[in-house]
Structure formats: structure tokens, C-alpha cells
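Here's the structure, in C-alpha cells; my notes come after.
The values are calculated or read from the model by the stated rules, or taken from the named source; none is laboratory data. These figures come from a predicted structure and were not determined experimentally. No Cβ is skipped: glycine too gets one built from the backbone with ideal geometry, and neighbour counts run over all protein chains shown. These area figures cover heavy atoms from the full protein model, side chains too; ligands, DNA and RNA do not enter into them. Shrake-Rupley method; radii C 1.70, N 1.55, O 1.52, S 1.80 Å.
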Amino acid sequence: MPQQVRGVIARSQGEPVTIETITVPDPGPGEAVVRIQACGICHTDLHYREGGIGDGFPFLLGHEAAGVVESVGEGVAGVAPGDFVVLNWRAVCGRCRACLRGRPWYCFSTHNAVRKMTLTDGTALSPALGIGAFAEKTLVAAGQCTKVDPAASPAAAGLLGCGVMAGLGAAVHTGGAARGDTVAVIGCGGVGCGAVVGARLAGAARIIAVDIDGRRLADAVSLGATHTVDARETGPAGVVEAIRELTGGFGADVVVDAVGSPETYRQAFYARDLAGTVVLVGVPAPETSIELPLPDVFGRGGNLKASWYGDCLPSRDLPVLVDLYLQGRLDLDAFVTETVTLDGVEDAFTRMHTGEVLRSVVLL
């Protein structure tokens, strides 16, 4: 039978979120209902509230989550009721041209639940990234559930559902950071610090953290950065020079732009070594654009890449990363600055926007 639970709703652009009763239907074929235990508060949720990701209001926010499968629909074989899972927003289809070429992390036809969660008046909800996990329970495609070791803390494991995985994968999968490399990370919020952790796991010899906030630079150092550049002190033009000074005048092998602005992308482009790699993982605003001299693009060689969810394949990556966490080799707990209830989401958005927290996590 359909269930009624509480969820965080963005009804209109720029308005504070509300806590409302929502109806979660029984799972249909290929779907699962998940009882949410924890959900990180990500900038993407704020982008939804501000109308930066479509106009499909009302939105059921939240997507960076972990919980327990409560029920599954017909044909579901990969997970079962009682499984502890991390939710992911890229449930690969297995049939598109990327999947058939053996590159499922690029899947061009990821899927979500077909049945709709609704408000009590029957208004259909648009779940953030097809998940909608600022709720006591949510309905997702079963492929969005990745079973992991239940010994993991839900607050920590859930962060792999978006921010930490996006940054870690940007450095390791997209950027190809390897042992002995120099990696620079511009923007050290949750995603940027994920890139710092990824570079450390890959064995990078030098990890340079760049930010305008000293608190975020301190977070990056605690997670493995070996050097910092305070962009408030250097100014935008000085960031490239500072990275070059730390790399013998050459630039970094991999530069991760975790901000996604024209200014930071230009810094990343010129702060890389010849034949180095730039990875854009920060989400740019819809109206932004950038111009680069084409001779510089040609003459510097290397790769200019964008990273979708860290080019992650959830079934491959999430169980391994949870195991590393349980072994003490991946400190996901360090990302959790505070825990709040559903009622605290709106205030947590403010603290996130001002840089007071690395990650706020809703516990249910």
C-alpha cells in the first residue's frame, strides 16, 4: 500500500523549503522503496531550489543518501529488502551505445523510477536527480541502489552518492592521477576535498589545494593536501603563478576545477604542465561561457575533460570505497561537519553557502 512520510519540498524558485507529507507508492517493476537513514546536503539541492536545474517544481530535494531497502518491485534481482545501500543518480541502462562499448560510466540513458511520488493532493513531485532523499522513505529505480557493507556509518557512506565520489573520481578516473603526480585542486568544498582524497589514494606526490577560504584550505590539508594557495592573497592572476612556483615552474600534471566558473577554469588551463590534464567537475552556471586562445589549446597539448559523477560506475566503485573507509584508509567521517534533522535543511543551506561547513548531513 502507498505510504505517507515527511519530505523536504521546494515549491517555487528561491523560496524557503517546507516539510510536507508526501505519498510514496509501492514499487513498480524494476523499482525499490528505500528507508533513508542519512542524506548529505549538497549544493545541487540548493541549485534545484534556486531554479538552476530546470523548472519542474515542486521538487523533492536530497540525493546524497544511504539507507535500507524496504521493498522491491517485480523483476528486481540486484538488491533485496533489508540490504544496506548507497543511492546513486546514474543507474546505467546496459543497452545504450556507451554501455555496449564497455563504458557504462558514460551511460547516455540512465533511468529513474517510473511511478511518481506525490503531495497529498496528488501533485506529482520531481525528485532531485531522480532520488528525492530528504524524506523518511523514497522510491527509486533499483539500479540506483548499490549494496555495501552495513558496518559503515550511513552518514559517511551516503556521501559517496554524490560529492565525495564526484571529486574523488574526477582526480582518479577522469584525471588519471597516478603515483608521483602533482595534482592541483581549485575549490575545496566537499567535491574539491573529495578530489584531494582521490589524489592521495592514487599516490600523488604533491597535492596543491586552492581556495579563498582558510577554513576550506585547512580541511584540505587535514585530508591530504601537501600545499595550499590562498587565492585571497594571490588574487586571481596569482593563482597560476603560485601553482607554477610549487611545481618547479612547470605546472601540475592534473588540475581539477571544482568550482566551475570561467575564472577558475582559465586558472586550471594555465596552471597545468604541458600535456597535462584539466578536469572540470564543478557545475557551471547555465549562462556562463569561456574564450581561450586556440593556439594555446593546441600548443599546450594534453586533455581538457569534464567529469560526470567522477566517471563512477557505482557497482564497481562504491563497495570498494566503503571497504577502504572501514579499513581506515578513506576518512569519510572527516567530511561530516554536522548532523541535522529534516527541519534543519533550510538553515544548513545558509551555512553551506557561507562556507561554514564541509558537509551537513540529515539523519533520519
Exercise. What angle, in degrees between 0 and 90 and rounded to the nearest 10, separates the Cα long axis of helix 262-271 from the longest principal axis of the Cα atoms of the chain?
Worked result: 50 degrees
Exercise. For the range 241-364, what's the relative contact order in percent, using C-alpha pairs closer than 8 Å and at least 6 residues apart?
Worked result: 17 percent
Exercise. Straight-line reach from K137: which lysines have a Cα under 24 Å away, not including same-chain ones fewer than 8 places off?
Worked result: K116, K147
Seminar exercise, completed: Counting as exposed only GluC sites (Glu not before Pro) in DSSP loop states with no more than 15 other Cβ atoms inside 10 Å, the longest exposed-site-free span of the chain is 75-286
Exercise. When every alpha-carbon pair in the range 227-364 is counted, what percent end up more than 22 Å apart?
Worked result: 56 percent
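Over the residues of the range 23-77, compute the C-alpha Rg and express it relative to 2.2 N^0.38 Å.
Scaled against compact globular proteins, the figure is 1.36.
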Exercise. Can you give me the relative contact order of the range 91-186 as a percent, contacts being Cα pairs under 8 Å and 6 or more apart?
Worked result: 17 percent
For this session: For the range 135-268, give the percent of accessible area contributed by carbon and sulfur heavy atoms, probe 1.4 Å, rounded to a whole number.
Result: 52 percent
For this session: Scan the range 145-238 for trypsin sites (Lys or Arg not before Pro) in coil per DSSP, keeping those whose Cβ has at most 14 other Cβ atoms within 10 Å, and list them by number.
Result: R179
For this session: Quick one: compute a quarter of the convex hull surface over the Cα atoms of the chain and quote it in nm².
Result: 17.3 nm²
Exercise. Tilt of helix 236-245 relative to the longest C-alpha principal axis of the chain, in degrees (0 to 90, nearest 10)?
Worked result: 70 degrees
For this session: Report, in deg cm²/dmol and to the nearest 500, the calculated mean residue ellipticity at 222 nm for the chain, where each DSSP H run with n ≥ 4 adds -39500 (n - 2.57) and the sum is divided by the residue count.
Result: -7000 deg cm²/dmol
Problem set entry | Accessible solvent surface per residue of the chain, calculated while the other protein chains remain in place, 1.4 angstrom probe, Å² | 41 Å²
Exercise. Given that compact globular proteins tend to follow 2.2 N^0.38 Å, what is the ratio of the alpha-carbon Rg of the range 1-125 to that value?
Worked result: 1.13
For this session: Between the alpha-carbon centers of the range 306-364 and the range 93-114, tell me the distance in whole angstrom.
Result: 25 Å
